[in-house]
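Data first, discussion second: the structure below is written as structure tokens.
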Amino acid sequence: MKTIKRNVVCSVVLAFAVVALAAAQGTYRMEYKFEKGKTHVYRVLSNNDITQEVQGQEMKITSDSRSVVRLVVENALSSGSMVLVISADSMVTHSKNPMMDTTLVMKNMIGKRVKLTIGKSGKVESREIVDSMQYDVAGMNIRTPQREALNIFVLPEKELKVGDKWTDSRSDTTDVGTGKMVTTSEMEYTLAGTEARSGHQCLKVTYTGKLTTGGKMNRMGMDIFTEGTGKIAGTLYFDHVKGLLVGDESTRDVESTLAVTGQQNMTIPMTTSTKSSLELLGD
């Protein structure tokens, strides 16, 4: 009888262990695991289609940019934080409108480093400009504001299983010439499953969101105010074993209005459609 009871207890314990193991295998924790001394290189592409209406006439503008961005892991701290140095190896933009068709190599941005200290989720703990960007304008050397060439995606700080959703709200301020542009986003993410991508077995995350934009700048003595709303959708791929973002593809559509005051007064409605992609090159 004791033997039978012992066997029953062992079977129950084993069953619970199997269930617990299965549950553990079905959950994932997304964390960055950057290793000191490692270098990761990404290709970043962006294509924009812009339609403006200026004094009753429609104007179409297309632009695209291509860059290769280097991420060097300077340190991995005992606290779990990581120190990253981000810079652009190359950056080219091409723009076409009814008045011109031009290609620019963004030499002033190439090699300019920004140092970030991030936590395991990707939240920025500190930011330092290592190399400032400077331009010569009319004989004056002007230092301009600078941002990192690669945004670090912030991960959820919880375990996930396929089908789980989470939300994120943030406000981002960008320096634009003499002014600032503020973009506020309300995003929803879904862990859609797993998928092989660029030689990595990745978690596949889909996302959708709403955007609002607003800002003010000054150009040629005129004040320009802008506001708009839009939507974004995309898919990103994250190697949760190595703790690396492998890819990100998104589309963004924004309806906005520019109000110009000064020497001329006008209101310019504008529609912008953007396709962007990021891909890890090698590992």
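A short reminder: the numbers here are calculations on the coordinates, not readings from a lab. Since this is a predicted model, take the numbers as computed values, not measurements. Virtual Cβ from ideal backbone geometry, glycine too; neighbours counted across all protein chains shown.
In terms of surrounding Cβ atoms within a 10 Å radius of their Cβ, PHE225, PHE153, PHE34, PHE238 rank from fewest to most as PHE225, PHE153, PHE34, PHE238.
Counting Lys and Arg as +1 and Asp and Glu as -1, what is the net charge of the other residues whose Cβ lies under 12 Å from the Cβ of ALA259? So the environment of ALA259 carries a net charge of -1. Please name which of ILE232, GLY214, VAL162 has its Cα lying farthest along the dipole of the stretch 153-283 towards the positive end, using unit charges on Cβ (Lys, Arg +1; Asp, Glu -1) and the Cα centre as origin. Final value for the positive-end residue is GLY214.
A simple charge model with +1 on the Cβ of Lys and Arg, -1 on the Cβ of Asp and Glu and nothing else charged puts the dipole of the stretch 149-283 at about 160 debye relative to its Cα centre.
Dividing the helix sum by the residues of the chain, where each DSSP H run of 4 or more adds -39500 (n - 2.57), gives a mean residue ellipticity at 222 nm of -3000 deg cm²/dmol.
When you filter the trypsin sites (Lys or Arg not before Pro) in the stretch 148-200 for DSSP loop state and at most 16 other Cβ atoms inside 10 Å of their Cβ, you are left with LYS158.
Among the listed values (i) 18; (ii) 12; (iii) 26, the one matching percent of Cα pairs over 37 Å apart as calculated from this structure is (iii). GNM on the chain, alpha-carbon springs under 10 angstrom: the most fluctuating residue among ALA233, ALA196, ALA149 is ALA196.
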